[in-house]
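Let me begin by presenting the structure, written as structure tokens, before commenting on it.
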Amino acid sequence: MKSWITSLSDRLTDRRALRRWSRVARDANAIDRLTLRTMRVRARELRQQLDQVLFTADSRLALPLLGSNTLQKPLHADWAYRPRAWRGSAAPSGMAGVRNGSSFGDEVKLFHDCPLSEITMRQVRNTREADLAPFGVALEVYGFQGSFLSMVVDMPPEAAVDLSRNHIVRVAVTSEVERPIDAFARLNIQYGPNNDQLNQHQMLENGETKFEFDLAYSNMNEKRVQKMWVDLVFSNPEMNRVTLRDLTLCRYPRAEI
């Protein structure tokens, strides 16, 4: 009974808050600037908490489970990760006329030099039985007059902890494409003022593609590694739809000979 009363009380409080913010939204054009500035601060604080509640609720209620980091990884992998854009709902969930340098969530950015920006990018819900990731990221490109289209995925700081030249870093992509497309994956390693790059080329088709980077071929200073990120560069992307149903990152030690 007590929990029911608490729940009813919460619902009444929520309704009053909703009515109050509905009035603020309706009257925003007439509110004086000083009050409006204060309300903006409060609205941003509230939105931050609401976004977190929605992300957590989606993570627990949807199937495949949102927030899931269940992934296939090599034997002896000491770090594995699925970026948030493939784990939880993004805000906004889609963009049209994507501009150079546009962010898609906290870890993904899209870069290009196409003057017309006939590019859309949106998050799609995965529902196939084989899907491990709750979401996919779809790119649709129409006319394209630029020289490059690149998706940059930042790795979290944990990826660089105890990183050594004995490691292999793997980027695994599960894709659906309207037609096969050339993709170049570039692993970037920042150490001190320097930046080292390793490149791999694969053809993206329907299914899983793995890019593997052997750090033995890098020049990185193991004691100064600060961050890592991956560029996925798509060649001749015009009039194509590329859906990355999953993207995972992992590292594992090279087998000793």
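Would you calculate the separation in nanometres between label points at residue 227 and residue 100, each defined as 7 Å from the Cα along the Cα-to-beta-carbon direction?
Inter-label distance under the simple model: 2.0 nm.
Can you find, among 160, 127, 184, the residue sitting farthest towards the positive end of the charge dipole of the chain, where Lys and Arg contribute +1 and Asp and Glu -1 at Cβ?
Looking along the dipole axis, the top candidate is 127.
Calculate the length of the line joining the C-alpha centroid of segment 222-257 to that of segment 76-131, in whole Å.
Distance between centres, Cα-based: 14 Å.
Under the 0.36 nm per residue contour assumption, what length would be gained going from the current alpha-carbon distance of residue 164 and residue 131 to full extension?
8.7 nm
At a Förster distance of 45 Å, what's the computed FRET efficiency of residue 120 paired with residue 17, Cβ-Cβ distance as r, to 0.05?
Computed FRET efficiency for residue 120 and residue 17: 0.80.
Give the order of 247, 46 when sorted by the count of other beta carbons within 10 angstrom, beginning with the fewest.
Lowest to highest Cβ neighbour count: 46, 247.
For the chain, what does -39500 (n - 2.57) per DSSP helix run (n ≥ 4), summed and divided by total residues, give at 222 nm, in deg cm²/dmol to the nearest 500?
Calculated mean residue ellipticity at 222 nm is -7500 deg cm²/dmol.
Under a crude label model (7 Å from the Cα following the beta-carbon direction), how far is residue 201 from residue 77 in nanometres?
2.7
Taking the Cα centre of the chain as the origin, how large is its charge dipole in debye, to the nearest 20, when only Lys and Arg (+1) and Asp and Glu (-1) carry charge on their Cβ atoms?
Magnitude of the dipole: close to 1620 debye.
State, to one decimal in nm², a quarter of the convex hull surface area for the C-alpha atoms of the chain, i.e. the direction-averaged projected area.
Hull-based average projected area comes out at 19.8 nm².
When a footprinting reagent is the concern and you count Cβ atoms within 10 Å, what order do 142, 191 take, fewest first?
In order of increasing Cβ crowding within 10 Å: 142, 191.
Under 10 Å, Cα contacts only: if you run a Gaussian network model on the chain, which one of 28, 183, 133 comes out with the highest mean-square fluctuation?
Answer for the Gaussian network model of the chain: 28.
No value in this document is a laboratory result; all are computed from the given coordinates. Here the structure is a predicted model, which is why all the values come from computation and not from measurement. Cβ coordinates were reconstructed from backbone atoms using ideal geometry, including for glycine residues, and neighbour counts include every protein chain displayed.
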